[in-house]
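Got a structure here, written out as structure tokens. Questions coming.
The values are calculated or read from the model by the stated rules, or taken from the named source; none is laboratory data. Small disclaimer: the values here were computed from a predicted structure and weren't measured. Don't worry about glycine lacking a Cβ; one is built from the backbone with ideal geometry, like all the others, and counts go over all protein chains shown.
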Amino acid sequence: MSYIQFLGAAGTVTGSKHLINTSFDGDGKKGIQVLIDCGLFQGQKEWRERNWKELPISAREIDAVILTHAHLDHSGWIPRLVKEGFTGPIYATSATIDLCGIILPDSGHLQEEDAAFYNKIKKSKHTPALPLYTFDEAEASMRNFQVVHAGETRQLSPEFSFRFVPAAHILGSCMVEVTLSTGGQSRRLLFTGDIGRVRDHTSAPGKVVHSGPHEGEIADVLVMESTYGNRIHPHTDPRPELAQLIRQTVERGGSIVVPAFAVERTQKFVFMLKEMMEAGQIPRLPVFCDSPMAIKAVNIYLKYEDEYSEEARSLIRKYGSPLEWPGFAFASTPEESKKINEVHYPTIIVSSSGMATGGRVLHHLSQRLPDPKNTVLFIGFQAPGTRGFNIKSGAKEVKIFGDFVHVRAQIVAFEQFSDHADPPELLEWLRTFKQKPNVTYLVHGEPAASSQLRDTMTKELGWDVRVAEWMQRADVP
Ligand SMILES: [Zn+2]
């Protein structure tokens, strides 16, 4: 018998890792062992410590990894897996591989910086503190990647084949349809990875990738994300409110600082600003994108035109690459970044990290937060405990680079920019299934979100839905 074991993203939203084992047939013969996603645990210490725990099977015994998309919580443990002896292929779409090529080495660089910091303050339990993996190790792990295009079927063994279908979450993102043929029968497993917005651009404005996950699915076992299982996105168009906010900030002589993740969210926001400027909804302010990773990501986006939404495609057809738009400056070097601090007229600064936990945005926040003329605009999820969460929750001061910084700027948050479908959208997508799965396991959600989505799906669809537990083995009958 085959089974799925949930090695991560069970009871939390990070560390996605689901092992499929087809060898459990009682005769001692080894079948094939495949990991769907290989993500990093992030957030609270209790979770991060799991990055250092050994997997229940040796990395050497895993035959292949199939990666849904490039976000670190799905891909960020790959260099560690390779470091521990994994030598097999990592299958991903071409865009996912390109994005991993910038995201994984950057993660290795941050791991090295963190280790160096802990060694300096001698606060680690381990002496010396070590990085989970280095920049070089992350780069080396890229050699294991192999391109599989969406829609193409790949046979990994006589009993195991898979194909990618679009998930519409970020550039390159796909779900994984696995077909297991053992004991004379065939079963379909569907791993959703993260699921993008289901409705069109008015409810997900500025969307860069096309809208809507692949419809008409068939699955015997569905393993599905539940990040937004207990929250509903506002479905209003944020543009009129955003335009008003930008105009008011400019009228009082202030600037707008936007902490944003460098991949997808920055592109989405920049595209929307351009569209609003061209439509005359906001003044033609200078826009600074201060993130080297965002620049690299823009170039990757330009390579994959067929993944754009119609809106994004027509903007590029009309105005060319965002890197060359007049009035839009992309800061690559630290010197270019520092120059933005000398700008004293109204401007928009988009910079990472998205939750203000690190990165160049900290310089812009420490400089602009104390002045009530300015506005800080959040367009992404702020995890509890992060600096972004504290600012958004009304903290009067926050600590940045060891100093307390007063928060006097106007603080505003928009919830419409999410790249995850909410429950009404998920139900809309699930209703397109050609048959009801025998069982659905919910992963990638906080416990309250997963259990609420389980209840909603049971009530609305009558499906057998369970919340996956960490390390649980689920038989595939
Ligand atoms: Zn994601």
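If we keep just the residues of the range 46-71 that are buried (at least 23 other Cβ atoms within 10 Å of the Cβ) and under 18 Å from E137 (Cβ atoms), which is nearest to the ligand (Cβ to nearest atom)? So that I can check it myself, show each step before the final result.
Here is the first cut: in the range 46-71, the ones buried (at least 23 other Cβ atoms within 10 Å of the Cβ) are 65-71.
From the residues that got through so far, the ones that are under 18 Å from E137 (Cβ atoms) too are 65, 67, 70.
Numbers: V65: 16, L67: 11, A70: 8 Å.
Here the residue is A70.
Also: Determine, yes or no, whether L156 is of a type outside the set (D, E), in contact (Cβ under 8 Å) with a residue 60 or more places away in the chain and over 24 Å from D419 (Cβ atoms).
Details: of a type outside the set (D, E): yes; in contact (Cβ under 8 Å) with a residue 60 or more places away in the chain: yes; over 24 Å from D419 (Cβ atoms): yes.
Yes; evaluated as a whole, the condition is true for this residue.
Next up: Do any residues in the range 235-264 that are loosely packed, with under 14 Cβ neighbours inside 10 Å have Cβ atoms under 9 Å from those of residues that are part of a helix (DSSP H, G or I), where the two are at least six apart or on different chains, and which pairs are they?
Pairs that qualify, where the first residue is loosely packed, with under 14 Cβ neighbours inside 10 Å and the partner is part of a helix (DSSP H, G or I), are H235/P424.
Next question. Hey, which of the strands (runs of 3 or more DSSP E) in the range 84-172, taking only ones fully inside, have at least 3 residues that are not β-branched (V, I, T)? Give the derivation first.
Working: elements: 90-92, 145-147, 154-157, 160-166.
Here the list reads 154-157, 160-166.
Residues in the range 278-314 that are in contact with a strand residue (DSSP E or B) (Cβ under 9 Å, 6 or more places away or on another chain) and on the phi > 0 side of the Ramachandran plot: how many?
Result for the range 278-314: 0.
Rundown of residues vs (1) within 20 Å of S211 (Cβ to Cβ); (2) in contact with a His (Cβ under 6 Å, 6 or more places away or on another chain); (3) buried (at least 19 other Cβ atoms within 10 Å of the Cβ); (4) without any contact (Cβ under 8 Å) to a residue 40 or more places away in the chain, yes/no style:
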{"site": "F271", "(1), (2), (3), (4)": "yes, no, yes, no"}
{"site": "P286", "(1), (2), (3), (4)": "no, no, no, no"}
{"site": "N299", "(1), (2), (3), (4)": "no, no, no, yes"}
{"site": "S309", "(1), (2), (3), (4)": "yes, yes, yes, no"}
{"site": "R313", "(1), (2), (3), (4)": "yes, no, no, yes"}
{"site": "Y319", "(1), (2), (3), (4)": "no, no, no, no"}
{"site": "E324", "(1), (2), (3), (4)": "no, no, no, yes"}
{"site": "F330", "(1), (2), (3), (4)": "no, no, yes, no"}
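For the structure I just gave you, tell me whether D136 is surrounded by fewer than 24 Cβ atoms within 10 Å (Cβ to Cβ), out of contact with any strand residue (DSSP E or B) (no Cβ under 9 Å at 6 or more places or on another chain) and farther than 24 Å from I195 by Cβ.
Values: surrounded by fewer than 24 Cβ atoms within 10 Å (Cβ to Cβ): yes; out of contact with any strand residue (DSSP E or B) (no Cβ under 9 Å at 6 or more places or on another chain): yes; farther than 24 Å from I195 by Cβ: yes.
It is true that D136 is surrounded by fewer than 24 Cβ atoms within 10 Å (Cβ to Cβ), out of contact with any strand residue (DSSP E or B) (no Cβ under 9 Å at 6 or more places or on another chain) and farther than 24 Å from I195 by Cβ.
Looking at (1) under 21 Å from H18 (Cα atoms); (2) within 16 Å of the ligand (Cβ to nearest atom), which is the only condition V147 fails?
Against the list (1) under 21 Å from H18 (Cα atoms); (2) within 16 Å of the ligand (Cβ to nearest atom), V147 comes up short only on (2).
Return the pairs, sorted by first residue and then second, in which the second residue is outside any loop (DSSP other than H, G, I, E, B) and of a type in the set (K, R), the first residue lies in the range 356-381 and is in contact (Cβ under 8 Å) with a residue 60 or more places away in the chain and within 15 Å of A262 (Cα to Cα), the beta carbons are less than 6 Å apart, and the residues are 6+ apart or on different chains.
Within 6 Å, the pairs are A356/R387; F378/K392; G380/R265.
List every residue pair whose Cβ atoms lie under 6 Å apart, where the two residues are 6 or more positions apart in sequence or sit on different chains, the first residue falls within the range 135-147 and is hydroxyl-bearing (S, T, Y), and the second residue, located anywhere, is in a helix (DSSP H, G or I).
S141/I78; S141/P79; S141/V82
Please work out which residue is modelled with the lowest pLDDT, limiting yourself to the range 32-45 and to residues that are under 23 Å from M142 (Cα atoms) and not in a strand (DSSP E or B). Walk me through it before giving the result.
Of the residues in the range 32-45, the ones under 23 Å from M142 (Cα atoms) are 32-42.
Filter again for not in a strand (DSSP E or B), leaving 32, 37-42.
Working: I32: 91, D37: 98, C38: 98, G39: 96, L40: 93, F41: 91, Q42: 84.
Filtering the range 32-45 for residues that are under 23 Å from M142 (Cα atoms) and not in a strand (DSSP E or B), the one modelled with the lowest pLDDT comes out as Q42.
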